[in-house]
Amino acid sequence: MSHKLEHIRNFAIIAHIDHGKSTLADRLIQTCGGLEERDMKQQVLDSMDIERERGITIKAQTVRLIYKAKNGIEYQLNLMDTPGHVDFSYEVSRSLASCEGSILVVDATQGVEAQTLANVYQAIDNNHEIIPAINKIDLPAADVEKVATEIEDVIGLDASEAIPCSGKSGLGIDELLEAIVTKLPPPHEGDINAPTKALLVDSWYDPYLGVVILVRVIDGFLKKGQKIKFMNSKTVREIDRVGIFTPKHVLLDELGPGEMGFITAGIKEISETQVGDTITDDKNPCHEALAGFKPSIPMVFCSLFPIDSSEYEKLKDSLGKLALNDSSLHFETESSQALGMGFRCGFLGLLHMEIIQERLEREFDLDLIPTAPSVVYHIYKTNGDMIELYNPVDMPDIVSIDRIEEPWIKATILTPDEYLGGLLQLCQERRGEQIELTYAGNRAMLVYRLPLNEVVFDFYDRLKSISRGYASFDYEIDGYAPNDLVKMEIRVNNEPVDALSMIVHRSQAEYRGRALCERLKELIPRQMFKIAIQAAIGGKIIARETLSALRKDVTAKCYGGDISRKRKLLEKQKKGKKKMRQYGNVEIPQSAFINALKMGDN
Amino acid sequence: MPDNKNIALYIHWPFCVSKCPYCDFNSFVAQDVNHREWLDAYKKELEYYYELTKGKIVTSIFFGGGTPSLMQPFVAEGVIDKIVSLWGICDDVEVSLEANPSSVEYDKFIDFAAAGINRVSIGVQSFDDRQLAFLGRKHSAEDAIKAIKIAAKSFDRYSFDLIYALPEQTACDWKKSLDNALSYAGGHISVYQLTIEKGTDFYTKYRRGDFTVLDDDCGGELYEITQSIMEQYGLPSYEISNHAKKGEESKHNMTYWRYGDYIGVGPGAHGRFIVNGEKIATKGHRAPDIWIKKVNKTGCSSHEFEVISRKDRAIEALMMGLRLKEGIPLSRIELESGSSWKEIINPDKMENMIKEGFVSTKEDILIPSSKAIQRLDSLLGYLLTE
């Protein structure tokens, strides 16, 4: 295979969730002969079950296609399938940095959504050429004209040559392939004779191959047996495999300038590979490393506890296994009085958190109690120190605090205008500051600054319910700002329940405290005594509920024959108590805490 | 503690004229019952248990059911005579019969008395015809009053049952009903709160939403009202649902609650007695025809002779003992468990309960307060060690 740069096209597919990106990718692969019809499972690129089921892409994937264009020339097309969701925008930005162009997929029935915008702006930031593709035109509700207008009005992209297509039926696929060749540029640079220079795009752990590294070669070659150097981590390794995905693994002798593929180099842990690193030849290194990427930072934290405390070790192992392929997952041991031993975990965002929880439960068969998600606060102490607070439980004494800063986000919401009122109110309630409000047709685009803390709680669920699912939402982190934040404690019979402590804005404390107390009142079974449930800031009680004592709980009839039955019932009751936590005289079933922690229906 | 020479005898007659919708007892509606055959089988099973409990003396006999008043009196007589000839009975033996207030049955009261029955417990349930219809009872309030009058003449002692906490029953309704019922009271009344048991007709109806039951708050209120009215009337409670003048308590049931020994004869009857230092639990086969066959073949229908562990004995003793106003001696718990009561009851929790006024100790006796008795299930769950 020749290494003519002009015959290579590296491109990404970007889209809002559910706009048919993976199906379209499948169709491109199939059309180029990468897979026989019988090999086509739906969405071959989403290899995790959870990806296929939820219709989302979590990990970036790359596939090499061979396309014979109308001009008779065979082109090498390297397709990157990127995650659509905001939580994985870090992965998106990585993928985009290794391509020169993008196909922007927009659903012909849905139009431009918040993630479409976010991804498109990232592509533009990476100097991509962009081909708009209006997908799902086989559906009766498809409105190509309207969507094209939206692409122009909302995104500001010329949509006059947008390609109407359908990943499902195959309509427009040839036009799309032709457009990739004619409209997207070949790799900008690439010198066969220069020292090896390649970008480490991603890496993951494969049980058979060890760590697999996804690369984009800039200059020179990567060959089997070559001694390579990772410029940032300064490690040297020998390449033992070079290959590409078609999407099947295909081993090659080498990868040349402009090409994408994978290498393995006897690496056992992904922590040894730094995404964004520059790979060069050990003996003949390039002069300058590539710019690389910013490391991903976990933004949302929650604690995970096993319901069955004996599963703590299993949870630890399982998190370790997930972290093998997910460098953005952070976790640390935590011990809670209410919930036992568990882990404080850091996630890129809410979806990331949900996916990790789901994978732990499904792939590792764990029953988990997640605490309410929270964010990282910056606590500035009067002595000038700044500490990062990951867990409300660790909040230092109020007197030693000068100020607390919380992370903010810039949120973009796209919604049919009939739901605008409700969404404005939601943003207002969540301490939002409006930055922009614009219209395109009957759709409104809302840009708000919001404290991240207000968003992790149940913002997304509320947004979806207010807009009946029609509004879309995306955000980017927008710095820290001080605010009047306090730690609110929940007490049961005067004893704090650590798992329910939270940092809230003072103005929200009473409302949140009352809601939580009311909820606990519903959830805690009545006991022989009355129970005081309180929310407190420092020593001050801001909300209180009293759970009255159980008035009657006794078996009316019990004679000789019932003794065995009665004892068995008691034994059952005692077994249930293993899941109880003691608060003074009061025993609270763990399930009460679990349900109090459940978000969404607060 | 009860003298371990004493033993109580329970005889189960499993037949009824009709099945009441709230009842989950082992009862069957049957047309042709061969009374002679039943008497013979009872005698056989009595002989079987006698071999295991020789040397004991019978302090009470209880004919329960089902509806044992449907029995022909010669069956009761034959059973009583058999018991006398095997174990022998104490001087103040209590011989109770459960009866329904229908004319077929109260007309036989005098014959039952002649057979040796000296106490009758009548399933009145209510003195309101509408409530009786809801409860699926075949008798009227008038029948009930008549039955009580005849019972008072025929037997040394009588008691009757009432059911309250019926759907939509208010505190005011219940007060009136109870006041009225008390005008017919003798020395003993059992007052039960309606509970919906699995497998009953009411359970199906309740699940279907045909009616609702009172919540625990309302139920609790009615319970408290019952306690105070009965007390004023001189019939204080001695057990959760049982009220009596002093000395009029049911001796037989007290054996259960004091965790004494008892033998159960008849289909589905339970027994618990000590053999060679071990407490044995027996359980008769529930189906009448199989019970008869088994007894005729082997002398006994119980398919399990479960040895109750020392710890479980202590738990059972505590569980039953705390149903009683008199409470239970801690030494009794230790006698059953063979170890310190602290192995059974969490001492810290007991301290808590004393502080909160749920229990008190008088010398060695653990006494539940009335607020503890009405929350006993929670209390037990709380007190017991893990």
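The values are calculated or read from the model by the stated rules, or taken from the named source; none is laboratory data. Owing to the predicted nature of the structure, the values given are computational and were not obtained by experimental measurement. Glycine gets a Cβ as well: all are built from the backbone with ideal geometry, and neighbour counts include every protein chain shown. The area values use the complete protein model at the heavy-atom level, side chains included, leaving out ligands, DNA and RNA. Shrake-Rupley method; radii C 1.70, N 1.55, O 1.52, S 1.80 Å.
Structural remarks
- Annotation for the range A:466-496 versus the range B:313-386: alpha-carbon center distance of 47 Å.
- Interchain or long-range residues, amide H under 5 Å from A:Gln61's placed H: A:Asp81
- In nm, spacing of pseudo-spin labels at B:Asp364 and A:Lys575 (7 Å Cα→C-beta vector): 3.5 nm
- On Cα atoms only, tilt of A:173-183 relative to the major axis of chain A in degrees: 70 degrees
- Theoretical FRET efficiency, 1/(1+(r/R0)^6), r = Cβ-Cβ of B:Lys205 and A:Asp253, R0 60 Å, to 0.05: 0.15
- Cα gyration tensor category, rounded, prolate or oblate, for chain B with a/c compared to 1.5: oblate
- Selected from A:Ser374, A:Ala440, A:Ile401, residue furthest toward positive end of dipole (the range A:372-495; charges at beta carbon): A:Ala440
- Taking a ≥ b ≥ c as the square roots of the eigenvalues of the Cα gyration tensor, the range A:305-381 is classed as oblate, since a/c reaches at least 1.5 and a/b does not exceed b/c.
- Amide H contacts under 5 Å for A:Thr109: A:Asp143, restricted to partners 5 or more places along the chain or on a different chain, H placed in the peptide plane at 1.01 Å from N.
- Gain upon complete extension [A:Ala141, A:Ile541; 0.36 nm per residue less C-alpha separation]: 138.5 nm
- Centroid-to-centroid separation of the range B:238-280 and the range A:128-196 [C-alpha atoms, Å]: 86 Å
- For chain A, adding -39500 (n - 2.57) for each run of n ≥ 4 DSSP H residues and dividing by the number of residues yields -7500 deg cm²/dmol at 222 nm.
- Charge dipole (the range B:6-256, unit charges on Cβ, about Cα centre) - positive-most of B:Val84, B:Pro236, B:Val191: B:Val84
- Taking 29 Å as the straight-line reach from the Cα of A:Lys223, the lysines in range (excluding those fewer than 8 positions away in the same chain) are A:Lys4, A:Lys59, A:Lys68, A:Lys197, A:Lys234, A:Lys248, A:Lys268, A:Lys283, A:Lys294.
- For the listed residue pairs B:Lys205/B:Lys293; A:Lys557/B:Lys176; A:Lys575/B:Lys342; B:Lys82/B:Lys283, the alpha carbons are over 26 angstrom apart in B:Lys205/B:Lys293.
- Global form of the range B:189-302, assessed from the alpha-carbon gyration tensor, a/c cut-off 1.5: oblate
- Placed amide H near A:Ile401: partners under 5 Å, 5+ positions off or other chain: A:Thr382
- Hypothetical label at A:Ile401: residues of the range A:473-501 whose amide nitrogen lies under 15 Å (7 Å Cα-Cβ projection): A:481-490, A:501
- With both residues required to sit in the protein assembly as shown, DSSP beta bridges show an antiparallel share near 70%.
- Residues A:Lys530, A:Lys410, B:Lys297, B:Lys138, sorted by accessible area with the largest first, give B:Lys297, B:Lys138, A:Lys530, A:Lys410 [1.4 Å probe; ligands and nucleic acids excluded].
- Among the cysteines of chain B, B:Cys16, B:Cys90, B:Cys172, B:Cys218, B:Cys300 have no other cysteine beta carbon within less than 4.7 Å of their own.
- Across the range A:250-258, computed HN-Hα scalar couplings (Karplus, 6.51 cos²θ - 1.76 cosθ + 1.60, θ = phi - 60°) run 10, 7, 10, 7, 7, 10, x, x, x Hz from first to last residue, x flagging Gly and Pro.
- Net dipole in debye of the range B:310-383 [+1 Lys, Arg Cβ; -1 Asp, Glu Cβ; about Cα centre; nearest 20]: 180 debye
- Most positive-pole-ward Cα, A:Val63, A:Tyr390, A:Asn585, against dipole of chain A from beta carbon charges: A:Asn585
- For B:Glu386 and B:Arg286, the difference between the fully extended length at 0.36 nm per residue and the C-alpha to C-alpha distance is 32.7 nm.
- Distance from the range A:347-367 to the range B:159-203 (C-alpha centre basis), Å: 54 Å
- Using the Cβ-Cβ distance between B:Thr212 and B:Ala30 with R0 set to 51 Å, the FRET efficiency works out to roughly 0.90.
- Projecting label points 7 angstrom from Cα along Cα→Cβ for A:Glu433 and A:Glu175 puts them 4.6 nm apart.
- Computed from backbone phi with θ = phi - 60° and the Karplus coefficients 6.51, -1.76 and 1.60, the 3J(HN,Hα) list for the range A:401-417 is 9, 7, 7, 10, 10, 10, x, 10, 10, 9, 9, 10, 10, 10, 8, x, 5 Hz; x is used for glycine and proline.
- DSSP-defined beta bridges in the range B:6-256 - what % are antiparallel, rounded to 5: 15 percent
- With a cut-off of 18 Å on the backbone N, the residues of the range B:1-33 near the modelled label site 7 Å out from B:Val104 along Cα-Cβ are B:13-21, B:27-33.
- Taking θ as phi - 60° and the Karplus parameters 6.51, -1.76 and 1.60, the scalar couplings of the range A:201-206 work out to 7, 6, 8, 8, 9, 10 Hz in sequence order, x denoting glycine and proline.
- Test item: Cα-centred dipole of chain B, Lys/Arg +1 and Asp/Glu -1 on Cβ, debye: 560 debye
- All lysines inside 18 Å of B:Lys108 as judged from Cα atoms, apart from same-chain residues fewer than 8 positions distant: B:Lys138, B:Lys146, B:Lys149, B:Lys153
- Charged-residue dipole, Cβ positions (Lys, Arg, Asp, Glu), the range A:214-328 about Cα centre, Debye nearest 20: 160 debye
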